[in-house]
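Read the figures in this text as sums done on the coordinates, not as results from a lab. This structure is a prediction, so every number in the text was calculated from the model and none was measured. Ideal geometry is used to build each Cβ from the backbone, glycine not excepted, and the neighbour counts take in all protein chains shown.
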Amino acid sequence: MRPFQSVELVAAVQHAMGLGIAVMVYVLLRRRSLPAWVAVSATVPVLFDPAFVRLEHAVLSDLQVIFLLTAALLALTWSDKLSVRAAAVAGPLLALAGLTRTATVPLLGLAALHLLLRRTPWRRVAALVLAGALPLLAYAGWYAQQHGRFALSGSDGVALWARTMTFADCSRIRPPPDLAPLCPNGTVLDAASEYVWDPASSLNRLPGDRFLHNDRARSFAIAAITAQPLDYLSEVVRNTSLAFTWEPVAHPKRVSAHESFPHGSWPLPEQHALIGKVRSEYDPDIRGMKSVEPYASILAAYPYPWPLHGPAFGALLVVGAIGVARRRPAVLLPWSFAMFLLVAPVAALDFDHRYVLPAIPLACVAAALAVRREVSGADRGRPDPATGTAQATSPARTGAPRPSARTRRSGATT
């Protein structure tokens, strides 16, 4: 997007990507023989939830991650028998999602494990793993040239250290002397992620940039989790449960938790160094935001009744879990992806309602596939609007023999 030098164009492309996500969900479910009304229902959160529309209008990595993961799921579940070509397409899509947001890298391994559990021929599993691993290895090699370390990120240890600051007890951890300065220092903040940035936290009192201590921070975090596994698990469960509240919870408290579109104007924070960098290197015309009528009033009324409230999201996950328990193979991959995307950000750093959004389209797909047999059976027994008689089951779907050409011409029925 650099040659166009337009933040507005970035937002427009992201809105198109949002529509593309809904189209992919619809096409996949129709491909899996679900009725149109079910496929349409599964797209409603992406198309109508204000949180998604706001996300599409922000310059963040989320929309690209959701788009890539949905496309990868489409390739992996398009057919019951995965082809080598589809596996080779899904691998790079998962890798690109991982390079966009490193927390999603394990999904490549999760997809490979799913194929192994389904006893997929090894050539297809190998195609997925190799096609996905090559972009990751190439990026890690470039990162090593630039930063001297073969890795995808230089902040994973800092994030995990911050996660432990809400429960770490150094009297139980007993860290070695080189890690002891990373112990809690009495600073109490309302969310784990705040410890990354607060100047008073122990990490930020060390000399140099916080990310120079990434390896030490990771070692401390692993020691803390090993010494206090139940405390760590309790924090992950407690924070993950925030995804299921009826109204979004501000977490941390400084973050606005509204899901609507406010009126007003918002000037750019000119004191922020990033604004000057964007203006000089990308978009010289970048400016603050303001609401414009009549569109602002339409969007302000937009949330009712469309937001996917937390309990409804939880119900989607439960329906998907029931489908997994009933051993419906098509449900397992989207459901496991959704659960990973819900829990992994909390386990690695903290909870944010924005981090929940990538899990929603996949949870919708899993729930729809979980009820495929029930809704397809109900749909077949529904009266035809034109004739008032029950709809017959398609011979192609039941395996019943098709009538011969002579029988069809004579108008006889079987």
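Taking only DSSP H segments of four or more residues, each worth -39500 (n - 2.57), what value at 222 nm results for the chain once the sum is divided by all its residues, to the nearest 500 deg cm²/dmol? It would help to have the intermediate numbers written out before the result.
Working: 21 runs with 246 residues, N = 414.
For the chain, the value works out to -18500 deg cm²/dmol.
Dipole of the stretch 261-300, Cα-centred, from +1 at each Lys and Arg C-beta and -1 at each Asp and Glu C-beta, to the nearest 20 debye?
Values: 4 positive and 5 negative charges, 14 e Å.
The dipole magnitude comes to about 60 debye.
Applying a 10 Å radius around every beta-carbon, put 330-341, 17-28 in order of their mean neighbour count, most first. Numbers along the way, then the final one.
Values: 330-341: 23.5, 17-28: 18.8.
Ranking, from highest mean packing down: 330-341, 17-28.
Please flag any cysteine in the chain that has no other cysteine's Cβ under 4.7 angstrom from its own Cβ.
By the Cβ distance rule, which asks for a partner under 4.7 Å, the isolated cysteines are Cys364.
How far, in degrees from 0 to 90, does helix 7-31 lean away from the longest principal axis of the Cα atoms of the chain, to the nearest 10?
Relative to the chain, helix 7-31 is tipped by roughly 40 degrees.
Please list 342-350, 243-251 highest first by mean number of surrounding beta-carbon atoms within 10 Å per residue.
Top to bottom by mean Cβ count within 10 Å: 342-350, 243-251.
Once phi is turned into ³J(HN,Hα) by the Karplus curve 6.51 cos²θ - 1.76 cosθ + 1.60 with θ = phi - 60°, what whole-Hz value does each residue of the stretch 55-67 show in order, with x for glycine and proline?
5, 5, 8, 9, 8, 9, 7, 4, 4, 5, 4, 4, 4
Please enumerate, by chain and number, the lysines with C-alpha under 20 Å from the C-alpha of Lys253, excluding those fewer than 8 residues away in the same chain.
List returned: none.
What are the ³J(HN,Hα) couplings of the stretch 96-107, residue after residue, when phi is run through the Karplus curve with 6.51, -1.76, 1.60 and θ = phi - 60°? Round to Hz, x for glycine and proline.
5, 4, x, 6, 6, 9, 4, 5, 8, 4, x, 5
Using per-residue counts of other Cβ atoms within 10 Å, averaged over each peptide, order 234-240, 66-72 from highest down. Spell out each step's value before the answer.
Details: 234-240: 16.3, 66-72: 25.1.
Packing proxy ranking, top to bottom: 66-72, 234-240.
Under 23 Å from the Cα of Lys277, which lysines turn up, not counting those fewer than eight places away in the same chain?
Lys290
Relative to the longest principal Cα axis of the chain, at what angle does helix 359-370 sit, 0 to 90 degrees, rounded to 10?
Helix 359-370 sits at roughly 30 degrees to that axis.
Go through the stretch 260-276 residue by residue and turn each phi into a ³J(HN,Hα) via Karplus (6.51, -1.76, 1.60, θ = phi - 60°); whole Hz please, and just put x for glycine and proline.
10, 10, x, 8, x, 9, 9, x, 5, x, 4, 6, 7, 4, 5, 4, x
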